[in-house]
């Protein structure tokens with residue numbers, strides 16, 4: 001009797017397990033299908049794409065044509081330069097500030113924390129409208145160009161990504177016991193020395209995760225780039241794609257090739273640093 | 001006499017307070033030095049433009065007055081009137097369409113992302129062969145830049161040659177004829193589905209991390225008491241994940257109300273108009289501000305959106321206040 005019950009329970013569990021696997025399989029298919037399709041269509045000819053014949057998936061020359069005709073290398077290079085420098089600047093500044101508000105209680109520290117958080121509730125376009133006008137004014141009156149330059153977009157991006165980086169990093173620093181620095185200072189370290197030698201190495205996972213996050217956000221940024229980087233010399237990838245669609249409206253094969261190439265850097269960063277990144281991001285989230 | 005003493009006391013108290021403040025500031029020189037670069041950056045890129053933006057919303061700032069910037073004619077609340085109430089204005093009808101679309105879009109995306117993210121997290125939290133592979137594959141949409149997402153799905157939704165209509169109509173015969181996805185009310189689906197596709201992995205990761213933090217014993221104890229899977233989920237999993245759900249719900253609401261990239265790139269790869277049923281607030285404001293240089297009404301519209309978001313944050317805080325306290 002009891003045996004029978006156990007048997008039934010086991011069978012039920014097995015059926016549940018299989019059903020769950022099937023459901024998971026369906027979700028996985030839906031998840032990867034668009035990416036697979038992007039890759040496949042980037043290797044098809046324009047005519048086969050229009051006719052819906054998925055037979056001849058070998059046209060690697062699409063990538064060469066895209067690279068040469070859309071001048072993709074330029075935009076790719078611009079994106080890499082802008083995003084890397086932005087990541088470095090924003091990360092350094094945010095690390096200092098994040099450590100400061102995690103560790104010290106000083107007049108204005110609470111207010112600064114609130115200001116950091118509240119910037120996250122304001123849409124980017126709120127800053128973009130006056131910033132654009134301000135940049136144009138500076139250009140006209142002082143002769144310093146900011147719009148359509150590397151430094152203009154890098155300064156804007158860096159400052160724009162600082163607040164949320166501060167917030168993520170603050171969590172990491174707060175989780176490190178205070179006694180460590182105190183011990184270091186008793187041993188004769190300056191506050192800055194203790195920060196550099198003790199705290200930074202201990203929080204490297206969090207800092208790297210935040211850095212990746214900044215890079216991903218910058219790589220993904222479109223709104224500011226559309227306004228502040230519109231000439232081919234500084235345009236990032238999405239702006240470049242937009243600049244050239246007029247000429248290549250129906251060349252989906254080329255556009256999909258461009259899509260694949262824009263995804264690759266993120267893919268590489270993500271899968272080489274996946275463990276660090278995910279543990280870093282989720283640690284911050286679970287702690288709040 | 002008495003009065004004088006008390007006044008002296010007040011003064012000395014005040015002096016004490018200021019000297020204490022100066023002392024505190026001196027003592028924390030290091031902390032201030034660390035915050036200073038971030039403060040300057042935020043001052044220039046966030047706070048000053050923010051104040052200017054609020055002021056701009058009261059100015060008649062269009063293609064004719066653009067050169068005057070902050071010296072443009074002051075018109076009080078007229079921009080707000082144009083955006084919200086002026087029935088004859090095309091700006092208003094466009095804004096209202098975008099507002100309606102954004103509300104539907106943000107709500108559906110958030111609900112779908114949470115439900116699918118939760119199901120996926122539960123599914124990959126079990127022990128089975130290929131678990132690592134399944135988790136990695138489920139994460140892949142997250143690596144695709146959102147402008148590529150817009151471009152890719154815009155291509156997939158094509159009426160005649162798009163792969164989605166080919167699968168639905170030509171191969172599986174689910175629908176009798178090929179619908180237009182990128183015009184008419186269907187557009188809402190065409191923008192919601194890609195956003196859900198792109199946003200689910202992040203939520204799944206967060207929920208999965210939360211699931212892994214729940215001690216096994218809770219479930220074992222419940223099993224001894226004869227709880228079913230559904231009961232275990234309702235009474236153990238869900239309450240313990242509430243803080244994570246709360247934070248991600250707020251983050252999701254803000255992100256999706258301010259969503260821009262996917263929709264902007266989906267229609268003509270950034271050159272087209274999303275239409276009455278596909279336009280979102282950010283694409284609408286961006287087009288009106290930088291396309292036809294209606295900066296004053298653009299600033300006013302932005303502030304209206306901001307007020308809506310701030311009230312959502314307020315409601316959220318009231319609903320989830322207790323979860324946040326527990327979390328601390």
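Throughout, read-outs are computed from the coordinates displayed, never taken from laboratory work. Not measured: the values here are computed from a predicted model. Virtual Cβ from ideal backbone geometry, glycine too; neighbours counted across all protein chains shown.
The shape of region A:2-41 can be summarised by an equivalent ellipsoid whose semi-axes, obtained from the alpha carbon gyration tensor, come to 38, 5, 4 Å from longest to shortest.
Can you pull the semi-axes for region B:82-327, root of five times each eigenvalue of the Cα gyration tensor, sorted largest first, whole Å? If you can, show how the numbers build up before the last one.
Values: eigenvalues 271, 131, 40 Å².
Values for region B:82-327, descending: 37, 26, 14 Å.
Residues A:199, A:64, arranged from fewest to most other Cβ atoms within 10 angstrom of their Cβ, appear as A:64, A:199.
Can you give the average number of partner chain beta-carbon atoms within 10 Å of each beta-carbon in peptide B:160-167, as a whole number?
Mean shielding by partner chains, rounded to a whole number: 3.
Comparing A:23, A:254, A:49 in a Gaussian network model of chain A where C-alpha atoms under 10 Å apart are linked, the largest mean-square fluctuation is found at A:23.
Entry for region A:66-287 at q = 0.07, 0.08, 0.09 Å⁻¹: log10 I(q)/I(0) = -0.28, -0.36, -0.45, Debye formula applied to identical alpha-carbon scatterers, no solvent contribution.
Determine the shielding of peptide B:177-188 by partner chains: average, over its residues, the number of Cβ atoms on other chains within 10 angstrom of each Cβ. Please report the intermediate quantities before stating the final value.
Working: counts 0, 0, 0, 0, 0, 0, 0, 0, 0, 0, 0, 0.
If you average over the peptide's residues, the count of other-chain Cβ atoms is 0.
The Cα center of region A:25-46 and the Cα center of region B:11-62 differ in position by 51 Å.
Above 20 Å, the calculated P(r) of region A:1-134 contains 77 percent of its Cα-Cα pairs. With the simple spin-label model, which puts each label point 7 Å out from Cα in the Cβ direction, the residue A:202 to residue B:18 separation comes to 4.0 nm.
Listed by Cβ neighbour count within 10 Å, with the fewest neighbours leading, A:205, A:58, A:263, A:236 appear as A:58, A:205, A:263, A:236.
Region A:114-174 and region B:151-173 have Cα centres spaced 40 Å apart. Across region B:197-297, the fraction of Cα-Cα pairs farther apart than 17 Å, rounded to a whole number, is 66%.
Name the residue, out of B:278, B:291, B:270, whose mean-square fluctuation peaks in a Gaussian network model built on chain B with Cα pairs under 10 Å. Between B:278, B:291, B:270, it is B:291 that shows the largest mean-square fluctuation. Please give the calculated 222 nm ellipticity per residue for the protein assembly as shown, where each DSSP H segment of at least 4 residues contributes -39500 (n - 2.57) and the sum is spread over every residue; nearest 500 deg cm²/dmol? Helix contribution divided over all residues of the protein assembly as shown: -23500 deg cm²/dmol. When the inverse distances between all different Cα atoms of region B:39-82 are averaged and flipped, the Kirkwood radius reads 11.3 angstrom.
If you run the Gaussian network model on chain B, springs between alpha carbon atoms under 10 Å, then out of B:160, B:225, B:170 the most flexible one is B:225.
Provide a whole-number value for the mean count of partner chain Cβ atoms within 10 Å of the Cβ atoms in peptide A:115-124.
6
Can you pull a Stokes-Einstein diffusion coefficient for region A:1-75 at 4 °C (1.567 mPa s), Rh from Kirkwood over Cα pairs, as a whole number of µm²/s? The partial results should precede the final answer.
Details: Rh = 16.5 Å.
The calculation lands on 78 µm²/s.
Taking other C-beta atoms within 10 angstrom as a stand-in for reagent exposure, B:173, B:235, B:251 fall in the order B:173, B:235, B:251, fewest first. Every Cα-Cα pair in region B:247-328 was counted, and those over 14 Å apart are 69% of them.
Treating each Cα of region B:51-207 as one equal point scatterer and applying the Debye formula with no solvent, the log10 of I(q)/I(0) at q = 0.08, 0.14 Å⁻¹ comes out as -0.42, -0.92.
Ratio of the protein assembly as shown's C-alpha Rg to 2.2 N^0.38 Å, to two decimals? Before the final figure, lay out each step's value.
Numbers: Rg = 27.1 Å, N = 616, 2.2 N^0.38 = 25.3 Å.
Normalised Cα radius of gyration, the protein assembly as shown: 1.07.
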